[in-house]
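Peer 1: Below is one structure. I have some questions about it.
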């Protein structure tokens, strides 16, 4: 009986478990990276459904959201595993890139794309 | 200089870093769960692009895949954080459910949906 | 100088123009149905972007929406053309199916999925 | 008994039928443009499913593709209707833009993005 949690489980452990799951079913033959990316996109589409037609006050089926989100993460882990991408490192690099693209003083309180911020910043220079 | 890796970084650590990133920019006001789910779906769409029009022999821009995949995972972490979903536990539960839906003896070597497997299994009974 | 409009242009005309566009570029070789479906999904992801982080009062870039929506429809026409699907007939059939799934008296004023309606209807019987 | 076909049915006719369908069910209240865009994206995700894990030789469930494609087009028509976008004109404009972005002599037989073509073309100048 393992018990996974965000504080105690590494992505490596999760990847390992999925490798075992897929090997037991001989599913590696189907898991071309292109298909894993499609699978992730299809699951992301399902994640939209519980939010559809809902206003900010409406109740959302959180159990459904939790399950669809798990499906997305499973696809991400399968794809990362297949392409030997270290997901944590990729996320760290992307956060660093976002920190540069969205400087705190320019981006604070604004939902504006980084290219617009870059133009503003150049205009001030 | 931290250095994240799938073997050494927990999802909790990643979530914490994203909370700090968003708070510094006062972005919580934009991050309604519905919008975070949409964002994830838009990023999943971008993840398809490097695979588009490619045959199994064609080279794929892996740097692009790595970056888009990181974007997807960042959205997933933001959404899980917002809704207080423990992602690792959600993934563990979904793998357990998939183990029941795709029994090794029936699913082995076949890309067939669980409802078809269930019908086969019922037919044999 | 043609001028297309929803009232005066048929889907057949649009499909024909796209066939000519693709043939002039010898792009048929890339247009496997699987890739055209992926392309549509990627464009649908781009269509989400102008709506991201927006409340009901916020202004949306309608020019961007119009362009992304056109991309989605172009993908749909390319895929339908490739698979020899008559889109108008497919839409008509789907509307007829939706009319049966969402009876006016049960579905009126409610954003509820057809399977829930079917259960309600059975419960009453 | 109407009978729709790509050669004989206009988009205006289809839009009109959908307006009647939605009005009969009083669904306009749910059809915020943001939700219609999400709905389209969710349907585009479902369109990926019949192609998942399939090689070029495998049979694809074309009835399923036809139905999911119809769902996508219905969402596109609902969104265009809501925002008073003439879809045919939008498609015509986008094709014209693509003709400029993908000149026949540069784009012929190549699945390359327009920005790459533009760089090539500038390099030659």
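Please treat every number below as a calculation from the coordinates, not as lab data. Quantities reported herein were computed from a predicted structural model and do not represent experimental measurements. Here the Cβ is made from the backbone with ideal geometry for all residues, glycine too, and neighbour counts use every protein chain on show.
Peer 1: Would you mind stating whether residue B:11 is away from chain C (no Cβ under 12 Å), within 16 Å of residue A:89 (Cα to Cα), surrounded by 14 or more Cβ atoms within 10 Å (Cβ to Cβ) and in contact with a strand residue (DSSP E or B) (Cβ under 9 Å, 6 or more places away or on another chain)?
Peer 2: Working: away from chain C (no Cβ under 12 Å): yes; within 16 Å of residue A:89 (Cα to Cα): yes; surrounded by 14 or more Cβ atoms within 10 Å (Cβ to Cβ): yes; in contact with a strand residue (DSSP E or B) (Cβ under 9 Å, 6 or more places away or on another chain): yes.
So residue B:11 passes the test.
Peer 1: One residue is enough: does the range A:107-123 have a residue meeting the conditions on the phi > 0 side of the Ramachandran plot and within 17 Å of the chain's Cα centre (by Cα)?
Peer 2: If we filter the range A:107-123 for residues that are on the phi > 0 side of the Ramachandran plot, which is where we start, we get A:109.
Filter once more, keeping what is within 17 Å of the chain's Cα centre (by Cα): none.
No - not one qualifying residue is present in the range A:107-123.
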